[in-house]
Each structure stands twice: as structure tokens, then as C-alpha cells.
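J.: Just dropping this structure here.
The values are calculated or read from the model by the stated rules, or taken from the named source; none is laboratory data. These figures come from a predicted structure and were not determined experimentally. Here Cβ is always computed from backbone atoms with ideal geometry, including for glycine, and neighbour counts include all displayed protein chains. The protein model used for the area step is the full one, side chains on, heavy atoms only, and it has no ligands, DNA or RNA in it. Shrake-Rupley method; radii C 1.70, N 1.55, O 1.52, S 1.80 Å.
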Amino acid sequence: MLQFDTIIIGAGISGLYQLHKLRDELNLKTLAIEEGSDIGGTWYWNRYPGARCDSESYTYGYTFSEKIYKNWTWKEKYPKQNTILKYLKFVEKKLNLRKDILFNNKIISGKYLEKKDLWEIKTNKNKIFLCKYLICAAGSLSATNIPNIKGLKTFKGKYYHTGRWPKKKVNLKDQIVAQIGTGSSGIQVAPEIAKIVKKLVIFQRTPNFSIPARNKKLTKEFISNFKKDYEKIKKRLRKTPGGHTFSFPKRSVFDFTLKERNKIYEKAWRKGSLSFRACFGDITKSLKANKTASKFIKDKILNTVNDKKIAKILTNFDHPFTSKRPTLNTNYYETFNRKNVELIDLKTNPIIKITKKGIKTKNDNYNFDKIIFATGYDALTGPLLSLNLVGKKKTKLKNFWNKSPKTYLGLMIPNFPNLFVIQGPGSPSVLTNVPVQIEQHVEWITNCINFLNIKSKKSIEATLGSAKKWSNEIKKLADASLFMKAKISWYKGDNIPGKPKVFIPYPGGLPRYRNICNKVEKNQYKEFLIK
Ligand code: NAP
């Protein structure tokens with residue numbers, strides 16, 4: 001049985017950087033195990049038509065190496081899925097990581113051997129490994145959710161989930177296609193496939209707020225400037241709550257007249273970016289201020305969509321803007337002006353079942369060649385639970401988290417010593433520009449392991465007390481935010497039947513979170529149980 005100092009689960013953005021840090025800086029015998037046949041994580045699996053990042057390219061990537069930052073050239077405002085994959089391959093090559101990655105192996109179980117202070121993990125290819133430290137870098141949005149709709153197994157056509165899109169080209173030309181789900185993925189897929197399919201029927205449960213992306217080619221001047229500004233950008237990304245270059249101004253919606261306010265919204269709308277929510281400091285904090293942004297977006301949609309009935313369904317919002325993840329789009333609303341696109345409002349015409357030939361709703365019966373599930377993920381906790389982890393005293397993670405995920409800083413779990421989580425529940429993760437949070441986590445974990453090794457320690461474990469305090473901190477911050485005003489939100493586990501209904505990520509912003517983590521490190525991890 002092969003033994004390693006550290007095993008990393010996943011070879012996406014986080015797994016690759018973690019492998020580099022542990023192998024090349026701490027000289028630890030490290031292996032990354034990846035379910036896919038190549039690196040990339042999220043960007044390996046999400047190959048659906050239109051897949052693109054919502055963070056601006058020059059802010060989306062590693063900043064730990066000036067050389068890597070400056071030697072890669074982003075050419076578009078928002079990078080496409082395969083561009084990000086190329087970027088990650090470029091980084092992987094520079095750091096020579098591939099030789100320490102085992103591909104095509106999915107972890108099916110992990111057990112902490114208390115007497116040996118080792119993790120024993122098994123893969124679906126019957127490989128068993130031992131390691132002292134186990135690091136979960138499996139992503140926050142990797143456990144796909146295909147809703148349990150009656151009859152799916154009887155469907156004679158093919159169906160796909162956006163987050164597990166096949167490598168082989170999916171032929172959609174002249175096909176009759178159903179798309180279920182209108183979140184970030186669905187909003188990107190629809191305009192792309194509407195251009196090639198014979199007919200696209202979109203099933204919407206809840207309308208989402210979406211801002212135009214206004215993707216464009218970057219000018220030579222812009223590219224040269226962001227490379228020149230490397231240090232400035234790196235610092236900036238660490239200072240803002242979301243790890244983007246924009247932060248929230250002090251100005252309130254109510255410091256301005258309606259005309260002035262709409263001018264500010266209009267400018268941001270024309271620019272197109274997630275920074276629309278930062279037009280004013282109170283959009284994400286006060287319902288009254290938020291209503292002005294929601295109304296602006298609603299009016300834009302009503303003005304874009306020709307059919308008034310469809311426009312109404314697309315704007316029948318049941319949540320304030322930003323209480324769910326805001327999305328960016330390229331011609332999403334314009335897509336509903338096409339003759340080959342139909343919108344079904346699941347609120348009034350729910351799906352009864354999937355049939356051999358298609359989908360039966362309360363009012364209609366549809367035939368489809370293909371069904372696309374853009375139905376999201378069992379976010380944050382799902383990837384960890386799928387590993388079937390058993391910690392100290394035979395504690396199963398599934399049981400330990402049955403009422404809520406319990407972590408300290410989102411980084412470690414009581415009863416699960418020497419298991420570190422990157423981007424896990426209880427960390428800012430999905431509320432940030434992800435690579436910024438990833439770098440912070442990887443660097444914290446590396447420093448912690450270095451500390452333990454220098455001090456010849458056997459194990460580190462989060463205490464129940466600190467996990468309880470951390471959950472309370474998250475609850476307090478979430479309760480004071482607009483996030484809790486969303487009726488169905490994957491941030492709170494509402495999208496998965498039976499999932500505990502608690503706010504999952506840490507909503508206090510990256511700088512505040514980073515400070516807390518830094519203090520814990522400076523304090524030599526006193527809050528943890530160290531043996
Ligand atoms: P999502 O935001 O969870 O959206 C899932 C969609 O499926 C929602 O419209 C949801 O409706 C619908 N749905 C779920 N279960 C359903 C059911 N049983 N019946 C009918 N409809 C159902 O998932 P996603 O679009 O894949 O995005 C997830 C996250 O991934 C994003 O929020 C973002 O963080 C990330 N992402 C980012 C990008 C990007 O950067 N461009 C692209 C894709 C994804 P409800 O709203 O009613 O729940």
C-alpha cells in the first residue's frame with residue numbers, strides 16, 4: 001500500500017496550487033488524485049455550450065507567481081471554459097505537476113486510522129493509499145444535482161447535466177431540446193444552443209436577475225496595463241470583500257435623485273459586470289435600496305423581451321437582487337424573441353413526469369430529443385459527503401453533519417483530524433472570486449502543515465467548541481444579510497431535498513475572514529486540538 005505525506009483530492013485550481021506548495025516548498029511526498037482524465041476541476045467538467053467565467057479574466061487566476069501572471073495573456077474580458085483549461089495546463093506545465101497526479105480515480109472512501117494517525121483512502125479503481133494529511137480540493141460546486149423527477153429513467157432520448165458535460169461533441173443541431181434550470185449555467189447555455197436547435201423549451205422555476213456581460217476582446221493597451229499593474233491588482237484582490245477589483249462604495253441609493261440614480265445604474269448596465277451590485281453601498285444591505293436596483297433590472301428585461309407574457313414570467317421575481325448569486329448573460333433575454341424558443345413557467349405549469357418521449361407538465365405534453373439539466377449542485381457539502389469519510393471513533397461525516405455542516409473556519413472538521421478542506425462549507429468560497437479565496441486557503445493550510453511538521457506533531461483537529469462558535473458567527477452574519485430573503489437558494493441548501501436548511505458559506509467577506517485565519521495562525525493554532 002503506497003503511503004504519502006499528503007494526498008490532495010482534486011486537480012482543479014486549488015489542487016494544483018496545493019500540490020505545488022506542499023511538494024515544492026515543503027518537500028512533502030504528495031499525490032493529487034483526480035476523478036477526471038485531465039486537470040481543470042470545474043473547468044474540466046463544465047464544457048457546456050456558452051460556459052464562461054463571470055470574473056474578469058485578469059482577476060481570475062493565480063497571483064502567487066509574478067512570472068506566471070505576466071507570462072499568460074488573457075485576450076477576452078470573460079474567459080471561455082476552454083481558455084481557462086488552457087491556462088491551467090500552462091501553469092501545470094510550468095510547475096511540472098502532472099507527474100504527481102493520478103487521473104481517472106474517484107475517491108470512494110476515506111477512513112482515519114486513529115492508532116496510526118493516518119488516513120486510508122480508497123479509489124473506484126481499487127487503489128488504496130495511506131497519508132498523514134488529506135486535503136479535499138474537490139471544489140464547492142462539483143456534486144451535480146439532477147432532480148429526482150418521476151420517469152427520468154424511461155426517457156428514450158439523451159439527457160445531460162451542464163456540470164458533467166460530455167467530452168464528445170453533443171449534437172444539438174436541428175434537435176428538439178428541453179432545458180431545465182435558469183441559474184448561471186442555464187442563462188449561459190440557452191442563447192448558445194438556441195442558435196442551432198430546432199426548438200428549445202426552457203423550464204423556469206424561479207426567474208433570476210441577470211446583468212449583461214458585455215464580453216469583448218481586450219485591447220493591447222489593457223493587456224499591457226494589467227501585466228504592469230500585477231502588484232497593485234494582487235493587493236486589490238485581497239482587500240475587497242468578494243476578491244474582485246471592485247468594492248462597495250459608501251454612497252447610498254438615497255443620496256441621489258431618481259434621475260441621477262438611474263444614470264449610475266445605466267452606466268453600470270452598459271459596462272456589464274458583477275460590479276453592477278456595487279453601484280451603491282446599500283444595494284446588498286437594505287431592502288429599500290435593493291428594490292431600486294431590482295426595478296431597474298426588471299424594466300430592462302421588460303423592454304428587451306417582445307412578448308409581454310414571457311417578459312412577465314421572466315420578471316416574476318420572488319427574491320431581492322443579490323440574495324441569490326447574480327448572473328451575467330450574453331443575449332439571454334433576447335433569446336426569448338426567437339421563434340424557436342419557448343418558456344414554461346413551472347410555478348403555474350409544473351412538471352408532472354418525464355415520459356419516454358419527453359416531459360409532461362400540468363397543462364401540456366412535450367416531445368424532446370434531448371434534455372439539458374442546468375439544475376445546479378449539492379453545493380459545498382455535497383463534494384465532501386460523496387467521499388464517505390469516517391473520522392475518529394468511527395464518526396461518519398454524513399451523520400456528523402446531518403443537522404448542519406460543522407467546521408472551524410470552513411477549513412477543518414471536529415472528529416476528522418488532519419483533514420483540510422479548501423473552499424468548504426463555512427468559508428467565503430462561492431461568495432468570492434474563487435481563485436483569490438483558493439490562494440488564501442492553500443497558503444494557510446501549507447503554513448499549518450509546516451508548523452506541525454517543524455514541531456513534530458502527530459495531528460491537528462478542530463474542536464467542537466470552536467466549530468459551534470463558527471456556526472454561530474455565520475448565522476449571525478447571514479441573518480443580518482439579504483441572503484436569507486431568498487426563498488429557494490443553494491446558499492441555504494434549499495435546492496436539495498433533505499439537505500439541512502442553514503446558510504452554508506461564510507458571508508463576512510474575504511478581508512475579515514483572512515484576518516481571522518491570520519490571527520489563528522499567529523496564535524499557533526491554539527483553538528485547535530494538537531497532538
Ligand atoms: P443554480 O444556480 O443552482 O441554478 C439551478 C437552476 O435549476 C435554477 O434555476 C433552479 O431553480 C433550477 N432547478 C433546480 N432544481 C430544479 C427542479 N427540481 N425543478 C426545476 N428547476 C430546478 O446552478 P448553476 O446555474 O449551475 O450555477 C451554480 C453556481 O455555479 C452559480 O451560482 C455560480 O456560482 C457557479 N457558476 C458560475 C458560472 C460563471 O461564472 N459564469 C457559470 C455557471 C455556474 P430555482 O432558482 O428555483 O432553485
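J.: As an exercise, use a Förster radius of 35 Å and the Cβ-Cβ distance of K125 and Y159 to find the FRET efficiency, rounded to the nearest 0.05.
T.: 0.85
J.: Please go through the residue pairs K77/K370; K75/K291; K308/K485 and name each one whose alpha carbons sit more than 30 Å apart in this structure.
T.: Listed pairs above 30 Å: K77/K370; K75/K291.
J.: Once all Cα-Cα distances of region 173-254 are split into 10 Å bins that start at 0, what whole-number percent is in each one?
T.: Spelled out per bin, shortest first, that is 13, 25, 26, 23, 12, 0.
J.: So, one more: With label points built 7 Å along Cα→Cβ from the Cα atoms of Q3 and L113, find their separation and express it in nm.
T.: Inter-label distance under the simple model: 0.7 nm.
J.: Further question on the same structure: Between K357 and E334, how high is the FRET efficiency from 1/(1 + (r/R0)^6) when r is the Cβ-Cβ distance and R₀ = 22 Å? Nearest 0.05.
T.: That gives a FRET efficiency of 0.15.
J.: Using Cα atoms only, what is the angle between the long axis of helix 230-239 and the major principal axis of the chain, expressed in degrees (0 to 90) to the nearest 10?
T.: Helix 230-239 sits roughly 90 degrees off the main axis of the chain.
J.: Report for region 1-137 the percent antiparallel among DSSP-assigned beta bridges with both residues inside it, nearest 5.
T.: Taking every DSSP beta bridge within region 1-137, about 45 percent pair in antiparallel fashion.
J.: Could you tell me the calculated FRET efficiency between L302 and K93, based on Cβ-Cβ distance and R0 = 51 angstrom, to the nearest 0.05?
T.: Efficiency computed from Cβ-Cβ geometry: 0.55.
J.: While we're here: Given a 1.4 Å probe and every protein chain left where it sits, what share in percent of the accessible area of the chain is carbon and sulfur?
T.: 51
J.: Keeping all protein chains in position, work out how much accessible area E334 exposes to a 1.4 Å probe, and write it in Å² to the nearest 10.
T.: Roughly 80 Å² of E334 is accessible to a 1.4 Å probe.
J.: Place a +1 charge on the Cβ of each Lys and Arg in the chain and a -1 charge on the Cβ of each Asp and Glu, then give the dipole magnitude about the Cα centre in debye, rounded to the nearest 20.
T.: Once rounded to the nearest 20, the dipole reads 620 debye.
J.: Kindly report, to the nearest 10 Å², the accessible surface of K167 as traced by a 1.4 Å probe over protein heavy atoms only.
T.: For K167, solvent-accessible area is about 130 Å².
J.: May I pose another question? Treating the beta-carbon of each Lys and Arg as +1 and of each Asp and Glu as -1, no other charges, what is the dipole magnitude of region 148-230 about its Cα centre, to the nearest 20 debye?
T.: So the dipole magnitude of region 148-230 works out to roughly 400 debye.
J.: Output the 0 to 90 degree angle, nearest 10, between the alpha-carbon long axis of helix 464-479 and the longest principal axis computed from the alpha carbons of the chain.
T.: Once rounded, one gets 20 degrees.
J.: Let me ask you something else. So how far apart, in nm, are the two label points at K169 and N515 if each is 7 Å from Cα heading toward Cβ?
T.: About 5.4 nm separates the two model spin labels.
J.: Quick check: residue separation of K195 and D229 times 0.36 nm, minus the Cα distance between them. What number comes out in nm?
T.: Gain on extension, K195 to D229, equals 8.3 nm.
J.: Here is a further query. Quick one: net charge of T381's neighbours, Cβ under 11 Å, K/R +1, D/E -1?
T.: Counting the neighbours of T381, the net charge comes to +2.
J.: From zero outward in steps of 20 Å, how is the percent of C-alpha pairs of the chain spread across the bins?
T.: Bins of 20 Å from zero give 21, 56, 22, 1 percent of pairs.
J.: To make sure I understand the rule: partners must be aspartates and glutamates, Cα under 14 Å from the Cα of K324, and not fewer than 8 residues away in the same chain. Which ones qualify?
T.: Hits, sequence-local ones excluded: D494.
J.: Shifting gears a bit: At 0.36 nm per residue, and after removing the present C-alpha to C-alpha distance, how many nm does the segment from N472 to F103 gain when stretched out fully?
T.: 129.0 nm
J.: Can you pull the accessible area of R205 for me, 1.4 Å probe, Å² to the nearest 10?
T.: 130
J.: Follow-up. Please list, in order along region 430-446, the HN-Hα scalar couplings obtained from phi with the Karplus expression 6.51 cos²θ - 1.76 cosθ + 1.60 (θ = phi - 60°), rounded to whole Hz, x for Gly and Pro.
T.: 5, 8, 10, 6, 3, x, 5, 5, 4, 4, 4, 5, 4, 5, 5, 5, 4
J.: OK, next. How much area per residue is accessible in the chain when the probe is 1.4 Å and only protein heavy atoms are counted (Å²)?
T.: 45
J.: Counting just the Cα atoms, what span does region 374-531 cover along each of its three principal axes? Round to the nearest Å and put the largest first.
T.: Reported extents, whole Å, longest axis first: 48, 36, 28.
J.: Give the average over all directions of the projected area of the C-alpha convex hull of region 397-441, one decimal, in nm².
T.: Its average projected convex-hull area is 3.3 nm².
J.: Between N316 and S386, what is the label-to-label distance in nm when each label sits 7 Å out along the Cα-to-Cβ direction?
T.: 3.3
J.: Find, to one decimal place in angstroms, the Kirkwood hydrodynamic radius of region 299-401, where the mean of 1/r is taken over every pair of different Cα atoms and then inverted.
T.: For region 299-401, the Kirkwood estimate is 17.7 Å.
J.: For E260 and M484 in one chain, what is 0.36 nm times their gap in residues minus the Cα-Cα distance, to one decimal in nm?
T.: So the chain would gain 77.7 nm between E260 and M484.
J.: While we're looking at this one, here's another question. Using the charge dipole of region 137-271 (Lys, Arg: +1 at Cβ; Asp, Glu: -1 at Cβ; taken about the Cα centre), state which of A190, L258, T219 has its Cα farthest towards the positive end.
T.: Farthest along the dipole direction, towards plus: T219.
J.: To the nearest 10 degrees, how steep is helix 510-522 against the longest Cα principal axis of the chain, on a 0 to 90 scale?
T.: On a 0 to 90 degree scale, this one is about 0.
J.: Now for a separate question. Anything over 26 Å Cα to Cα? Flag those among K217/K298; K469/K519; K167/K406; K89/K239; K216/K267, in the order listed.
T.: From the list (K217/K298; K469/K519; K167/K406; K89/K239; K216/K267), the Cα-Cα distance tops 26 Å for K217/K298; K167/K406; K89/K239.
J.: Write down the percent of antiparallel bridges among all DSSP beta bridges whose residues are both part of the chain, to the nearest 5.
T.: 40
J.: If you don't mind, another one. Measure out, as a whole number of angstrom, how far apart the alpha-carbon centroids of region 401-442 and region 187-212 sit.
T.: Here the answer is 32 Å between Cα centres.
J.: Relative contact order for the chain using alpha-carbon pairs under 8 Å, separation at least 6, rounded to a whole percent?
T.: This gives 19 percent for the chain.
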